[in-house]
Amino acid sequence: MVVRRPPGRRAQILAVAADRFHRSGYHQVSMTEVAAGVGITAPALYRHFRGKPELLDRAVRLGLDALADGLRTAGTTAELGAALAAVAVGHRPLGTLVQRDARLLPPARRAELRRELRADVALMTAVLGAERPGLTAADAELLCWSALSGCAGLSYQSAAPQPRRAEALLRELVAAVLSVSLDGTAAGPGAVPVPQPRPQARREELLAAAVRLFHQRGFDNVSTDQLGAAVGISGPSVYRHFDSKAHLLAASLVRGRERLWHQVDGAIATAAGPRAALAAGLGAYVDFALRNGDYLGVMLSETERLAPPDRRVAVEFRRDFLRTWVDLLRQVRPEEDAVAARIRVHALFSLVNDGVRNRPHSARPDLGDCLRRLGRAVLGVPDQD
């Protein structure tokens, strides 16, 4: 007897897996959980996919294929915006899968994914260049990467907004980003020298090394021996300062949150009025991101590796931080409700967080000024310069 599989079963599995990875993080999702979400057994799931790595790879590929298909048919920047918005809404997990989980794919597949994204940006750049022939190639690419990142911010919404409304707002955001002028951007200050830690500050050394290594290699790929070697001690000596690698991760994220809140909230609190506060907060966030890209990467990709109590604290901080920005933006733009404001703020965070880590544009001396202009565009506020 031949048992026929329901039509579209693989697509159904991929949709459930993408949603589970998106909501809980790759490491927290089992094949059994994916199978239960589809309504099949785990052995039946393995007849379709060999394991979680293949599920993640195929889920990412599905979204990127849809993106490439949409961009290939776009002949205007308006059509680019429509394509980006449609994929952001129709494949909402794609943003987190690419920005957070794709680093867990094999190196060859990661390189292929990057090539696919560059090809997508090349398509966008050609369309943008035709409409704005005065743009330099570097500026056009930065604008296109920023539009892509801004749309990916929708993936971080805790609840899916109404699709048509979300698409309309994302199209508006893309148009605003692709219209930004980068003429006359100013180079920021040079890199601030990092003083060598004193011997008694070994704990601080370990916190800094952990953030850097966890971001570069991933929590699971960093050993205590590597952490110790980064600060000139043996691996077992790490345990004199932290009970476990997980404790070190939690402490490094706490330290990063403290610095982020101090810098951004301090700028907002001392500004005169909501509009000035929004501009000051944007400037402070960009400045923090430029100096703390490793922390932002770890916050995005490794929060799921925390113990449940620490993870709850980290998630609550992000909610409070988001709420601060949403409330402030609504004071400046009272015509927008909380849903629209959240979409804009998530777009801002995604755009800036990607911008400081996306080579070669992350090496631009004027990147800070560029990101502030792009940030104002997605927030929908007039140029403050």
task: Kindly indicate whether Thr270 is open to solvent by 10 Å² or more (accessible area, probe 1.4 Å), without any contact (Cβ under 8 Å) to a residue 12 or more places away in the chain and not aliphatic (A, V, I, L, M).
output: yes
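Just to be sure I understand, how many residues within the range 350-371 are assigned to a helix (DSSP H, G or I) and open to solvent by 30 Å² or more (accessible area, probe 1.4 Å)?
3
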task: Take Arg344 and decide whether it is touching a residue at least 12 places away in the same chain (Cβ under 8 Å), open to solvent by less than 10 Å² (accessible area, probe 1.4 Å) and either within 15 Å of the chain's Cα centre (by Cα) or farther than 24 Å from Leu170 by Cα (or both).
output: yes
task: Please state which of the following conditions Pro106 fails to meet, knowing it meets all the rest: (1) open to solvent by 50 Å² or more (accessible area, probe 1.4 Å); (2) farther than 23 Å from Gly218 by Cβ.
output: (2)
message: aliphatic (A, V, I, L, M), open to solvent by 50 Å² or more (accessible area, probe 1.4 Å) and on the phi < 0 side of the Ramachandran plot: is that true of Leu62 in this structure?
response: yes
task: Might you let me know whether the range 158-180 holds any residue that is closer than 28 Å to Gly218 by Cβ and either out of contact with any helix residue (DSSP H, G or I) (no Cβ under 6 Å at 6 or more places or on another chain) or in contact (Cβ under 8 Å) with a residue 12 or more places away in the chain (or both)?
output: yes
- prompt: Would it be correct to say that Arg50 is free of Cβ contacts under 8 Å to residues at least 24 places away in the same chain, within 23 Å of Arg103 (Cα to Cα) and open to solvent by 60 Å² or more (accessible area, probe 1.4 Å)?
  reply: yes
query: Mind checking which residues of the range 16-40 are surrounded by fewer than 17 Cβ atoms within 10 Å (Cβ to Cβ) and not in a helix (DSSP H, G or I)?
result: Ser30, Gly39
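Mind checking which helices (runs of 4 or more DSSP H) fall wholly inside the range 41-111 and carry at least 1 residues that are modelled with pLDDT of 95 or more? Before you say what the answer is, go through the steps one by one.
Numbers: elements: 42-46, 52-72, 77-90.
Answer list for the range 41-111: 52-72, 77-90.
The values are calculated or read from the model by the stated rules, or taken from the named source; none is laboratory data. Everything numeric in this text was worked out from a predicted model, so none of it was measured. Please note: Cβ atoms are built from the backbone with ideal geometry, for glycine as well, and neighbour counts cover all protein chains shown. Side chains are part of the model used for accessible areas, which takes the heavy atoms of the whole protein and leaves out ligands, DNA and RNA. Shrake-Rupley method; radii C 1.70, N 1.55, O 1.52, S 1.80 Å.
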